[in-house]
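The structure under discussion appears below in the form of structure tokens.
The values are calculated or read from the model by the stated rules, or taken from the named source; none is laboratory data. Since the model is a prediction, treat every value here as computed from it, not as a measurement. Just the protein is used for accessible areas: all its heavy atoms, side chains included, with ligands, DNA and RNA removed. Shrake-Rupley method; radii C 1.70, N 1.55, O 1.52, S 1.80 Å.
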Amino acid sequence: MLQKEKSPRKLLLGHEGREKMRVAGRFNAQLIDEVRKIMLPGTTTAQIDELIQQYTLDHGHTAATLGYMGYPKSCCTSINDVICHGIPDETRLNEGDIINVDVTSIVGGWFGDQSETFIIGKGSEEAIAVTQAAFDCMHMAIEALYPGCPVSTIGDTIVAEAHRRGFSVVREYVGHGLGQVFHQPPNIPHFPDRKSRQQRLLPGMCFTVEPMINAGTRFTRLDKKDGWTVRTRDHRLSAQFEHTVLMTENGPEILTITQDGPQKGHQF
Ligand code: MF3
Ligand code: CO
Ligand code: CO
């Protein structure tokens, strides 16, 4: 009983914890703005990783993914049919690629987590549409939130909008609570399920909204060789955006807003 009582309370941040999360989110967003500068044809995903590792260390912080459950790099780089957890390597970005860069920082012990999909040069119609869908789904879901709302508000909003556009929503990988831990309750599925209908987002909770939207089938395949890279089964495109969000008494507050990146309402 004690255990049951203890953990939910720790999920509710007071003024101090909220400020720490704001600082972590702000740093992470600043780093994504640095990443944006090298999103050009010819850049390798290893160069993206090096920039992230170097910038994080230079500012006295830590890249959360390096060594996390054995993950070998400081970010995830997921190109075209890769849904998530692509590992940086010598692959070069090509004109027309879409690439999601997912960055998580630890700042003074607190986590900021966000990702953005970049279109390299001029994207195909489908590349633009699926990127737009992931971006709009994330923002619509955040906008639908209110203090005490069910977690399923997120999944309801995202599934309705993605399906309306003829796209599908990945189910195997979900958003999550975060704070002084990378992944903590509540789970944030991007589709509604029984548990998310019962759980509520209370003032003081921090969590991510990170929908992965596929152009074709929602089904995924994990790369057996590296154990991380997740692709669409049909090898069609997948796009994702992620923000860290704090629920306040007045509604959701996005902690990872960039200076230079696409803002809500942006048209790709
Ligand atoms: N940043 C991812 C997320 O949004 C998690 C990456 S874990 C890794 O939750 F090990 F794959 F890097
Ligand atoms: Co996340
Ligand atoms: Co992330």
Relative to the compact-globule estimate 2.2 N^0.38 Å (N residues), the Cα gyration radius of segment 205-268 stands at a ratio of 1.46
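Just how many % of Cα pairs in segment 43-90 lie over 17 Å apart, if you round to the nearest whole percent? Provide the component values of the computation, followed by the final result.
Working: 369 of 1128 pairs.
So the pairs more than 17 Å apart make up 33 percent of the total in segment 43-90.
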Surface per residue (accessible, 1.4 Å probe) for the chain, Å²: 46
How large is the convex hull of the C-alpha atoms of segment 118-268 per residue, in Å³? 129
Mean-position separation - Cα centroids, segment 101-179 and segment 190-237, in angstrom: 9
How high is the relative contact order of segment 140-240, given as a whole-number percent (alpha carbon pairs under 8 Å, six or more residues apart)? 28
Under 5 Å between amide hydrogens, which residues at least 5 positions from GLY86 or on another chain qualify, with H placed 1.01 Å from N in the peptide plane? THR77, SER78, VAL230
Solvent-accessible area, 1.4 Å probe, carbon plus sulfur percent, for the chain: 52
HN-Hα J in Hz across segment 75-92 - Karplus 6.51, -1.76, 1.60, θ = phi - 60°, x for Gly and Pro: 6, 10, 10, 10, 9, 6, 7, 7, 7, 6, 6, x, 9, x, 7, 7, 4, 9
Residues whose modelled amide H sits under 5 Å from the amide H of THR248, counting only those 5 or more places away in sequence or on another chain, are GLY204, GLU253
Contact order relative to length of the chain, as percent, for alpha carbon pairs under 8 angstrom and 6 or more apart: 22
Apply the Karplus parameterisation 6.51 cos²θ - 1.76 cosθ + 1.60, with θ equal to phi minus 60°, to every residue of segment 30-39 and state each ³J(HN,Hα) to the nearest whole Hz, in sequence, with x for glycine and proline. 4, 5, 4, 5, 5, 4, 4, 5, 10, 7
Have a look at the chain and give its Rg and Dmax from the Cα atoms, expressed in angstrom. 17.4, 56
